[in-house]
Amino acid sequence: MKPLRVPADPAAAVKDHLAAAVPALPPGIDPTFGVTLPGDWTPTSAPRVVVFDDTGPTVWPIATRPLLRITVWASGRTRARQIAGLCMGVLLAQQVPGVASIRDPSSILDARDSHNDGVMASFTVRVTARTHAL
């Protein structure tokens, strides 16, 4: 019988790392972090950084290689892009515990969320996360 292995959760690892690293950067940023956007978020709320796992290939049983999408909701384009840029810089400059590598960033894309009227700034990165033995 083959050893049982399970995929890691790189979105949670990236979210935790960003939550620890980004607030320590320029003061006054103060976003919140999660893997979902609360249903009651509005542009008057604190900016929100959400890490989504958009899936990807696997090198089974060794690793998964998902595309992570980091989206910032804020009250304005400048603030959303500033926070997204900080997140991108952190991810590409620092080792994230639980993630083997982070590479291939996209450019930052901004848009308006028609559900809550917030401004979004998003980018993607390709990550490699090793599987775990049970």
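Report the full-extension gain for the segment Ala20 to Val6: residue separation times 0.36 nm, less the Cα-Cα distance, to one decimal in nm. Walk me through the numbers before you get to the answer.
Values: separation 14, 0.36 × 14 = 5.04 nm, distance 2.59 nm.
Fully extending the segment from Ala20 to Val6 adds 2.4 nm.
Once label points are set 7 Å from the Cα along Cα→Cβ at both Ser106 and Asp30, what is their separation, rounded to one decimal in nm?
3.1 nm
For the chain, what does the relative contact order come out to in percent, with C-alpha contacts under 8 Å and a separation of six or more?
Normalised by residue count, the contact order of the chain is 31 percent.
Just the number: Rg to Rh for the chain, Cα atoms, Kirkwood Rh, two decimals. Please list the in-between numbers first.
Details: Rg = 15.5 Å, Rh = 15.3 Å.
My calculation of the ratio gives 1.01.
To the nearest 10 square angstrom, what accessible area does Ser75 show with a 1.4 Å probe?
70 Å²
Per DSSP H run of at least 4 residues, take -39500 (n - 2.57); add these up for the chain, divide by its residues and hand me the 222 nm value, nearest 500 deg cm²/dmol.
Only helices count here, giving -7000 deg cm²/dmol.
Quick one: net charge of Gln82's neighbours, Cβ under 13 Å, K/R +1, D/E -1?
So the environment of Gln82 carries a net charge of +1.
Per residue, how many Å² of accessible area does the chain show with a 1.4 Å probe?
Details: 7120 Å² over 134 residues.
With all protein chains present, the chain gives 53 Å² per residue.
Computing the accessible area with a 1.4 Å probe over protein heavy atoms, can you report the carbon and sulfur percentage for the chain?
C and S atoms contribute 57 percent here.
So, how do all the Cα-to-Cα distances of the stretch 63-134 break down into 5 Å bins, in percent, from 0 on up?
3, 17, 23, 20, 14, 11, 8, 3, 1
Rounded if a/c is under 1.5, else prolate if a/b beats b/c, else oblate: with a ≥ b ≥ c from the C-alpha gyration tensor eigenvalues square-rooted, which is the stretch 14-77?
Details: a/c = 3.16, a/b = 1.88, b/c = 1.68.
Prolate is the answer for the stretch 14-77, as a/c is 1.5 or above and a/b outweighs b/c.
The values are calculated or read from the model by the stated rules, or taken from the named source; none is laboratory data. Keep in mind that this is a model prediction, so the values were computed, not measured. So basically every Cβ, Gly included, is an ideal-geometry build from the backbone, and we count neighbours across all protein chains shown. For accessibility, only protein heavy atoms count, side chains too; no ligands or nucleic acids. Shrake-Rupley method; radii C 1.70, N 1.55, O 1.52, S 1.80 Å.
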